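*Asks:* Right, I'll just put the structure down here and ask away after.
The values are calculated or read from the model by the stated rules, or taken from the named source; none is laboratory data. Predicted model, so just to flag it, every value in this text is computed and none were measured. Methodologically, a virtual Cβ is constructed for each residue, glycine included, from the backbone with ideal geometry; neighbour enumeration extends over all protein chains shown. Areas reflect the complete protein model, heavy atoms only, side chains present, ligands, DNA and RNA absent. Shrake-Rupley method; radii C 1.70, N 1.55, O 1.52, S 1.80 Å.
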Amino acid sequence: QVQLEESGGGLVQPGGSLRLSCAASGSIFRINAMGWYRQAPGNQRELVAAFTSYGPATYADSVKDRFTISRDNAKNTVYLQMNGLKPEDSAVYYCNARVMTTIRAANRDYWGQGTQVTVSS
């Protein structure tokens, strides 16, 4: 099994910053993708930013130039630096990792428990 531990959410004023962290642990052979999604009430879960094994990070258009995803491969950890936060960024943010648990295993998606981000004055 694979566990994802998230931290860093909270309440922040518009224009403020937060940094989310997500650490993967457990039976990990290889992480093929890892990133952040979010879901606001009444909305579908959407991609915020993610790394894959190939190419640069992918960002939602709504967060480009404000959010930055980074990673520490040695720690199986990704970070999301969120600057210039807006009320519409308020949501539960979920960490996702696409993991092979053994060399022969298929990719499987794992999700964190979610962390609330609220942007309000």
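*Asks:* In whole Hz, with x marking every Gly and Pro, tabulate ³J(HN,Hα) for segment 46-53 from phi via Karplus 6.51 cos²θ - 1.76 cosθ + 1.60, θ = phi - 60°.
*Replies:* Karplus-based 3J(HN,Hα) across segment 46-53 equals 10, 5, 9, 6, 7, 9, 10, 5 Hz.
*Asks:* Put a dot 7 Å past each Cα toward the Cβ at A105 and S53; how far apart are the dots in nm?
*Replies:* Placing both labels 7 Å along Cα→Cβ, they lie 1.4 nm apart.
*Asks:* Pull up all non-local amide H partners of G16: gap of 5 or more, or a different chain, and H-to-H distance under 5 Å with H placed in the peptide plane.
*Replies:* For G16, whose amide H was placed from the backbone, the distant partners under 5 Å are L85.
*Asks:* Can you tell me the relative contact order of segment 82-121? Whole percent, Cα pairs under 8 Å, sequence separation 6 or more.
*Replies:* Values: 52 pairs, mean separation 19.7, N = 40.
It comes to 49 percent, rounded to a whole number.
*Asks:* In whole percent, and with a 1.4 Å probe on the protein chains, what portion of the accessible area of the chain is carbon and sulfur?
*Replies:* On the way: 3100 of 6720 Å².
For the chain, the apolar C and S fraction of the accessible surface comes to 46 percent.
*Asks:* Continuing with the same structure: Provide the gained length on full extension for the span S70 to K86, in nm with one decimal, where the gain is 0.36 nm per separating residue minus the Cα-Cα distance. Walk me through the numbers before you get to the answer.
*Replies:* Working: separation 16, 0.36 × 16 = 5.76 nm, distance 2.09 nm.
So the chain would gain 3.7 nm between S70 and K86.
*Asks:* How large are Rg and Dmax for the chain when only the alpha carbon atoms are used, in Å?
*Replies:* Rg and Dmax of the chain, Cα atoms, are 14.2, 50 Å.
*Asks:* Restricting the count to DSSP beta bridges whose residues both fall in the chain, what percent are antiparallel, rounded to a multiple of 5? Intermediate results must be reported in sequence, preceding the final value.
*Replies:* Numbers: 42 of 45 bridges.
So the antiparallel bridges amount to about 95 percent of the total.
*Asks:* Check which residues have an amide H placed less than 5 Å from I28's amide H, if you skip close sequence neighbours.
*Replies:* none
*Asks:* Let me ask something else. So what J values fall out for segment 78-89 if you push phi through Karplus, 6.51 cos²θ - 1.76 cosθ + 1.60 with θ = phi - 60°, rounded to Hz, Gly and Pro as x?
*Replies:* 10, 10, 10, 8, 10, 10, x, 5, 10, x, 6, 7
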